[in-house]
Structure formats: structure tokens, C-alpha cells
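Note sheet for the following structure.
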């Protein structure tokens, strides 16, 4: 099996841990269903295993399902052609079953990786500063309003490992943060104050943080939901490309 490049190989290896399957399963045309269970090295966004979760790199789809959802998931997998599981009519069918468990699919998200041979060239349009984990907790957690960039939780197993701030004078106008979603994959989030948007601040911060994550030996990745065009444009300007799509179930209130 030959992967497109080392970054995609890293992403496939991570997804394999998350979905308890083989990395090669994400490069096959047929779908696969696995029983959801906890394992070391997974990206965990909550304590318990996911009730229903699906991911595709554009070919087949891998579904990780609880025991309650296994039979339905296998039937869905057999009746669906690869990535079409992410079509709205399929998601409607999934939600129709999930509602029996007071759950539903959240918005499908697209995840991006840096393009090969990534190189950061500073634009020097504004002053930036890199913050390490302890500095984030002591200096940035007191500054509210950047919830897409920072977790604001020093006790969370997912930790804010790095952040890059942009300044106008002494005022922070934007923050890009990297959370350790797993030992090898750090997710980048970005927040820019409304009055400073569409000025290139977001893409500059994402680019600077990408370089910093690489220097720490991790793989940076960027996620956004399908309707967030502004965030997708930021990813493209920061020289990222879409690699996989993923959806999760969540508890209804």
C-alpha cells in the first residue's frame, strides 16, 4: 500500500486508531463497520466511546458504531456506495435511527492537512508571538472570546499545547491555538476579532502555528463544518487541502 505522502499516512494511521481498523481501510472502495471501543492513542472528544461515528477519505467509508447501532450500520454500509453515506438522505436515515436513543448527527466536518513540503513565509503585516502550554494557561486563559482557538480548560486530556497571537499595539486581535487531540495529531483552531477579519490575520496565524506544530514533532490538522465557507477559505489561504470528512453523533437535550 502506497500512501500519497507522509502527512496523509499519519492521518490514516490516526483514523485507524480512532475507528479500530487498518489504515488501508480508508483507501478501499468498499465500506467497513467496526465496534466502537476505547484504545490508546485515539482522538477522544468525550470520555465514553462514540455511539456512531463515520469517516471517509473520499473512497469507502469506515463506520465505528456502538453495539446498538451495529446491525443498522452494517445494513447501511452494504446498501451504500462509499462516500455517499455522507449524502443528506443517508444522514436523514441515520438520524431516524439515532433519535430512538435521543441522539443525532452533528454537522459533517471537513478536515484539512498542510500541503506537502509546507513552508511558512511570514507576511510581517502585524506583530505575532508564540505561546507554549504553561504560558497559554497563565497569560491567555484570562482573555475570553477566543473559544474556537482555545479550550480554556487546563484539566482536559486534550490540552492547548501551542498558540500564536496577533497584536495591534498591545491588543490581541486574533489567536490560533493547537490542541493535542492525540499524541501525533494536533488540531488548529482560529479566532479573529470581527473588526480585523478579511485582512489575512487568520491565514497568517494558522500558517505560523502550523510551522510551530511541525517543530514540536506533531502533525497539524484543521477542521471546519461544511457550511463555514470563511473558515474553509482560511484553510486554503494557509496552504491546507481537504483530506477527509467525518461525522459524529451527539446527545440531544
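So here's what we get for this one:
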quantity	calculated
Gap separating the Cα centres of the stretch 1-69 and the stretch 137-154, nearest whole Å	30 Å
Label-to-label distance, nm, for residues given as residue 87 and residue 117 (7 Å Cα→Cβ offset)	3.9 nm
Evaluated at q = 0.13, 0.14, 0.19, 0.27 Å⁻¹: base-10 log I(q)/I(0), Debye formula over Cα of the stretch 189-253	-0.43, -0.49, -0.81, -1.24
Cβ-based exposure ranking for 165, 20, in which fewest neighbours within 10 Å come first	20, 165
Degrees separating the helix 70-79 axis from the principal Cα axis of the chain, which is the longest one	90 degrees
Cβ-based exposure ranking for 143, 105, 63, in which fewest neighbours within 10 Å come first	143, 105, 63
Helix 88-98 vs. the chain, principal-axis angle (Cα, 0 to 90°, nearest 10)	70 degrees
Value in Å of the Kirkwood radius, where the stretch 100-216 supplies the Cα pairs that are averaged	15.1 Å
Computed label-point distance, nm, for sites residue 38 and residue 226 using a 7 Å Cα→Cβ extension	3.2 nm
Helix-only mean residue ellipticity at 222 nm for the chain, each DSSP H run of n ≥ 4 adding -39500 (n - 2.57), per residue, nearest 500	-7000 deg cm²/dmol
Spacing of the two label points (7 Å from each Cα toward its C-beta) at residue 74 and residue 104, in nm	3.0 nm
Three principal axis lengths of the stretch 6-105 [C-alpha, angstrom, descending]	40, 31, 19
Rounded to 10°, Cα long-axis angle of helix 201-215 versus longest principal axis of the chain	80 degrees
If the convex hull is drawn through the Cα atoms of the stretch 68-126, its volume per residue in Å³	163 Å³
Hydrodynamic radius of the chain per Kirkwood, over alpha carbon pairs, in Å	19.0 Å
Proxy reagent accessibility, fewest Cβ within 10 Å first, across 210, 128, 226	226, 128, 210
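Bear in mind that the values in this text are calculations on the coordinates, not laboratory data. Note that the coordinates shown come from a computational prediction; the quantities given were computed from them, not determined experimentally. Backbone-built Cβ (ideal geometry, glycine too); neighbour counts: all protein chains shown.
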